[in-house]
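Below: the structure, in structure tokens.
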Amino acid sequence: MTDLRLGAGILAGRLSAALIRALGAGGATTMPGRVARAVAPDLLARLGRRLMRGSVLITGTNGKTTTARLLTGILGRAGWRSIHNRAGANLPAGIAAALLAHSALDGQVRGDVGVFEVDEAALPLVVESLRPRVLVLGNLFRDQLDRYGEIDLVADRWRDALRRLEADALVIYNADDPLVADVARDFPAARTFGIADSSVRRGEALEHAADGRYCYRCGVPYRYEAVFLGHLGAYRCDSCGTARPLLTVAADNVRLRGITGSVFTLTTPVGRADVTTTLPGLYNVYNIVAAATAALTLGTTLGLVRTVVRDFIPAFGRGEQITIEGHTVYMLLAKNPAGFNEVLRTVLSGARPVVAVIAINDLTADGRDVSWLWDVDFEMLREHCRAAVVTGIRAHDMAVRLKYAGLPEEAITLEPDEERAIHCGIDLLALGEPLYVLPTYTAMLRIRDLLARRGYVRAFWED
Amino acid sequence: MALDLRICHLYPDLLNLYGDRGNITTLAQRARWRGVAVEVTEVPVGTPLRAAEYDLFFIGGGEDRQQVLAAGDLQQGKGGALREAVEEGATLLAVCGGYQLMGRYYRPAEGEDLPGISLLDLATQHPGKRRPRLIGNIVIRWDPPPAGAPPTLVGFENHGGRTVLGSAAHPLGQVVAGFGNNGEDRTEGAAYRNAYGTYLHGPLLPKNPWFADHLIMLALRRRHGEVELAPLDDQIEAQAHEAAVRRAR
């Protein structure tokens, strides 16, 4: 009987997906999963079990989508068929929708391995259902406080998720993040990744947006030898001796090349490789090292990792390059203080002051509370941005933020309508000058939707 | 004579959850735009507070773990110094967790009471994990607004604790949209002498620049006597205020 139920769930989900697409109502990245799970609540667990090589789950505040896409790319080159929630629908329903799209009605799944990015708060539930073979923990930053609550609560959920892992599961975690390391360091089968090159440090002092300042065990501030990004770095607690764990896989000799990418040496237990990427910023170095650690753990070669990273094209809105009326437009998702600071540093690293469109929404997926804008170091724009167009539902809040960051009022243009804001930005460009679009999550989807209708990009679920 | 304003930012590394530094930025910028010299001093845990050296105190909100550390530190002399300063006319703004710590105590869902410093006559109680946090955009009617200021204050609130005022504290305002102190009696915040506490972050002052000016005036008056603040072009701030009022409804 239960098999009938599973079949009915799959059928219901697939029908709803076909219907949504036929109506042109979107990419059907979540709803089919919801429908199917309403019919067969254990669908995720039962389909997940059919994956011959099991599942890899990837979670963390920033970088989930890019890391998962890198890993899928590497595994694909190694000949593995991945099932993957590519469009970033990372709640249980979105993962179910991805599985459904590759399942026959008898529950046979056409894929070897599941590569799923998972919402930070949904991790325990997804671990319980999918029993992953590998779990990748990227980073923990303050994000959407109105939805997730305090960062410690998210860390507690991850602790809970680790307790639910099977005995033979492997955890891969970012050792540079003290909050993440504290969750995972005692897990018996763990591998770590991080940055070994202290030349890319920002200093020994944390920026304002840093979260994990205090040792979880004794409440004493960590001492940093190097701060790389937010609260990520090489740290030690002088009271109890807790320090950054040794790195299994690391990025060394890192050379950042602004918006055009970076080069670095990947050091691993199976050798070293020089890596070139067009993914910009130090945050993407972390994503690449995370994906590489997972890929090597699953048995792919270092050469393959290097090739896929070199050829990788940024995911929708994550450093994506778009051409509009002959102008180069870079779209860089920026959804929380730590991420926004890194995006700003990357965009502003060139010699010339830039033109930027900043798009701020306050929908549920963005976080309804926009107070985090005041935790971002927009003061960086003062010398490095010659014109800023602010748009989105919270355009006014952003205009005030820039005024108090010290931008002259004539450098700030308020244009709540996103399409007009993009055009306004383009009109401000000199010949050959790029436009930087920095949106929150739903603002990014909205702007891409507008650009897709004009034929400048493909819809995000086709990307 | 050149005016100067001395601001004390308490626990900036601990209580900084909701863009709280935006309040400091707003106070400092708006004073500087009027030619007032501004000095901001950060006073973290473990550093003694020489309260007589400041005109205006700010304390923000933090996560539970951080709030416990701050509460403990306030009991080591800082609390008494703050009470005394406010009795002598100093200006204070406390937001969210900092607001709760200005009261008599914070009673968590489980575990022991967290002592406050009884600067404001109020007490806060967490109603238990099963009751929802009070989260969302909020608009209050300012009671009473200073001359020339619009009647509303806007912000975002996100708190589990329910605060009830005693007789010596006057509410900062009445809730128009949102929850306020406890989600029941329609009061929001508390005022006593020149001390204000509120659950409004967002942060509070950038979108309510008139409140920032009110605090700057109170703080300057103590050492400089009656002062006039030159008007500023607040068009962007006023638009953001109005947008936030619309968003809350």
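The values are calculated or read from the model by the stated rules, or taken from the named source; none is laboratory data. Worth saying up front: this structure is predicted, and the values here are computed from it rather than measured. Reconstructed Cβ throughout: ideal geometry from the backbone, glycine too, with neighbour counts over all protein chains shown.
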Could you identify the single residue in B:G62, B:G111, B:G98 that is closer than 22 Å to B:Y18 by Cα, away from chain A (no Cβ under 14 Å) and not aliphatic (A, V, I, L, M)? B:G98
State whether the residues of the stretch B:158-167 include one that is away from every other protein chain (no Cβ under 14 Å), surrounded by fewer than 20 Cβ atoms within 10 Å (Cβ to Cβ) and either touching a Phe, Trp or Tyr at 6+ places or on another chain (Cβ under 9 Å) or in a strand (DSSP E or B) (or both). yes
Which condition breaks for A:D152 when tested against (1) charged (D, E, K, R); (2) in contact (Cβ under 8 Å) with a residue 12 or more places away in the chain; (3) within 30 Å of A:L363 (Cβ to Cβ)? (2)
Restricting attention to the stretch B:35-51, does a residue exist that is crowded, with 24+ Cβ neighbours inside 10 Å, hydrophobic (A, V, I, L, M, F, W, C) and away from chain A (no Cβ under 14 Å)? no
So, in the stretch A:130-153, of the ones that are part of a helix (DSSP H, G or I) and either surrounded by 24 or more Cβ atoms within 10 Å (Cβ to Cβ) or in contact with a strand residue (DSSP E or B) (Cβ under 8 Å, 6 or more places away or on another chain) (or both), which residue ends up farthest from the other protein chains (Cβ to nearest Cβ)? A:L130
For A:D366, work out the one condition from (1) more than 14 Å from chain B (Cβ to nearest Cβ); (2) part of a loop (DSSP other than H, G, I, E, B) it doesn't fulfil. (1)
What number goes with the only condition from (1) buried (at least 16 other Cβ atoms within 10 Å of the Cβ); (2) farther than 24 Å from B:C8 by Cα that B:L172 does not pass? (2)
Return the residue satisfying two criteria in turn: it lies in the stretch B:185-198 and is farther than 18 Å from B:G89 by Cβ and in contact with a Leu (Cβ under 8 Å, 6 or more places away or on another chain), and of such residues it is nearest to the other protein chains (Cβ to nearest Cβ). B:T198
Confirm whether A:E383 is part of a helix (DSSP H, G or I), within 30 Å of B:L14 (Cα to Cα) and more than 14 Å from every other protein chain (Cβ to nearest Cβ). yes
Please specify each residue of the stretch A:432-460 satisfying the condition of being more than 14 Å from A:V389 (Cβ to Cβ) and assigned to a helix (DSSP H, G or I). A:Y441, A:T442, A:M444, A:L445, A:R446, A:R448, A:D449, A:L450, A:L451, A:A452, A:R453
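Starting from residues that are more than 14 Å from chain A (Cβ to nearest Cβ) and in a loop (DSSP other than H, G, I, E, B), keep the ones in the stretch B:214-246 and report whichever is surrounded by the most Cβ atoms within 10 Å (Cβ to Cβ).
Ranking the qualifying residues of the stretch B:214-246, first place goes to B:L229.
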Contacts under 6 angstrom Cβ, first residue in the stretch A:388-399 being facing chain B (nearest Cβ under 8 Å), partner of a type outside the set (S, T, N, Q) and part of a helix (DSSP H, G or I), 6 or more apart: A:H396/B:A240; A:H396/B:A243; A:D397/B:A240; A:A399/B:I236
Among the listed residues A:E342, A:E418, A:E320, which satisfies the condition of being out of contact with any Phe, Trp or Tyr (no Cβ under 6 Å at 6 or more places or on another chain), more than 26 Å from B:R247 (Cβ to Cβ) and either crowded, with 16+ Cβ neighbours inside 10 Å or at pLDDT below 95 (or both)? A:E320
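Pick from A:R185, A:R202, A:R164, A:R191: which is more than 21 Å from the chain's Cα centre (by Cα), among the charged types (D, E, K, R) and closer than 24 Å to A:N253 by Cβ?
The unique qualifying residue is A:R202.
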Filter the stretch A:154-171 for residues that are part of a loop (DSSP other than H, G, I, E, B) and touching a strand residue (DSSP E or B) at 6+ places or on another chain (Cβ under 9 Å); the one that is surrounded by the most Cβ atoms within 10 Å (Cβ to Cβ) is A:L165
Going residue by residue through the stretch A:39-49, is there one that turns out to be within 26 Å of the chain's Cα centre (by Cα), part of a strand (DSSP E or B) and in contact (Cβ under 8 Å) with a residue 12 or more places away in the chain? no
Of residues in the stretch A:195-246 being surrounded by fewer than 22 Cβ atoms within 10 Å (Cβ to Cβ) and among the acidic types (D, E), the one nearest to the other protein chains (Cβ to nearest Cβ): A:E207
Against the definition (outside any helix (DSSP H, G or I), within 14 Å of chain A (Cβ to nearest Cβ) and surrounded by fewer than 16 Cβ atoms within 10 Å (Cβ to Cβ)), how does B:L204 come out, yes or no? no
Taking strands (runs of 3 or more DSSP E) that do not extend beyond the stretch B:27-105, which have at least 1 residues that are among the acidic types (D, E)? B:37-43
How many residues of the stretch A:154-177 are within 14 Å of chain B (Cβ to nearest Cβ) and in contact with an Asp or Glu (Cβ under 9 Å, 6 or more places away or on another chain)? The answer is 2
So which of A:E415, A:E409, A:E419, A:E433 ends up being at the interface with chain B (Cβ under 8 Å from one of its Cβ atoms) and either at negative phi or not charged (D, E, K, R) (or both)? A:E409
